[in-house]
Amino acid sequence: MKKFWFILTALVATCFLVACSGSQGVSPKTIKEKKKIVVATESEFAPFEFKSLVNGKDTLVGADIELAKAIGEKLGVKVEFSVMSFDNVLANVQSGKADIAIAGISVTDERKKVYDFSDSYYTSENVVIVKKDKVNDYTSTDSLAKQTVGTQKGSVQETVAKKQIPKASVVSLASNGEMINELKSGQIQAVVLEKAIAEGYIAQNDDLTLANFNLK
């Protein structure tokens, strides 16, 4: 609990600086003045942010969602979630449509040129999902040469796949659910995802599994 509040304090102190060049000087003070914080996020990134039935109602839940609510509570303001495709999340912060973005966002040198980030609170690991009956066919990045690999548009995994599986045809799709459906139907042969998210999809689809190699 102490660690959580330390992270929360760091987030409150820094997350409002995100993309200030594109917004109108977002700060804790301006947030408190308008009495709400608009949070850009997506809804297909379990366990961080996803939709689930709660008391019969389709509800946005997840670790990042609870973190955003805690930030709002700490500041004494209402939290308003703006749900969109991942490739639009950061753009909405830069344009000022959202105050902050919480969506399992990885820090990169390129992104740091435009956005300020809170302290990291999760270390990701990139993995490859394949159909279970093909796991022995795809045992390395080289084995995916001339195959079609799916990634989420605008994600770090999109860049990772292009760099680390250069001989594959990398297709960027808007949502993780779309990628999984295309993998299951055979339209693509592999999907690159962050490990925790990948394991969630595998748990729901017994015809899918992790490839026996990881990406950096």
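See the values below:
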item: Number of the condition not met by Tyr115 [criteria: (1) farther than 27 Å from Ala40 by Cα; (2) in contact (Cβ under 8 Å) with a residue 12 or more places away in the chain]; result: (1)
item: Count of region 84-110 residues which are surrounded by 16 or more Cβ atoms within 10 Å (Cβ to Cβ), within 17 Å of Glu194 (Cβ to Cβ) and in contact with a helix residue (DSSP H, G or I) (Cβ under 8 Å, 6 or more places away or on another chain); result: 7
item: Neighbours by Cβ (under 9 Å, 6+ apart or cross-chain): first from region 17-35, more than 17 Å from Ile102 (Cβ to Cβ); second modelled with pLDDT under 75 and exposed (fewer than 13 other Cβ atoms within 10 Å of the Cβ); result: Thr30/Gln24
item: So Lys131, is it open to solvent by 40 Å² or more (accessible area, probe 1.4 Å), more than 18 Å from Glu199 (Cα to Cα) and touching a helix residue (DSSP H, G or I) at 6+ places or on another chain (Cβ under 9 Å); result: no
item: Residue that is farthest from Val191 (Cα to Cα), among those in region 119-142 that are assigned to a strand (DSSP E or B) and of a type outside the set (Lys, Arg); result: Asn126
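Condition check ((1) open to solvent by 40 Å² or more (accessible area, probe 1.4 Å); (2) farther than 11 Å from Ala46 by Cβ; (3) more than 17 Å from the chain's Cα centre (by Cα); (4) at pLDDT 95 or above) across all residues:
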{"residue": "Asn176", "(1), (2), (3), (4)": "no, no, no, no"}
{"residue": "Ile180", "(1), (2), (3), (4)": "no, yes, no, yes"}
{"residue": "Ser185", "(1), (2), (3), (4)": "yes, yes, yes, yes"}
{"residue": "Gln189", "(1), (2), (3), (4)": "yes, yes, yes, yes"}
{"residue": "Val192", "(1), (2), (3), (4)": "no, yes, no, yes"}
{"residue": "Ile197", "(1), (2), (3), (4)": "no, no, no, no"}
{"residue": "Asp206", "(1), (2), (3), (4)": "yes, yes, yes, yes"}
{"residue": "Phe213", "(1), (2), (3), (4)": "no, yes, yes, no"}
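The values are calculated or read from the model by the stated rules, or taken from the named source; none is laboratory data. Please read all numbers here as calculations on a predicted model, not as lab measurements. Positions of Cβ are backbone-derived with ideal geometry, glycine not excepted, and every protein chain shown enters the neighbour counts. These accessible areas exclude ligands, DNA and RNA; they are computed on the full protein's heavy atoms, side chains included. Shrake-Rupley method; radii C 1.70, N 1.55, O 1.52, S 1.80 Å.
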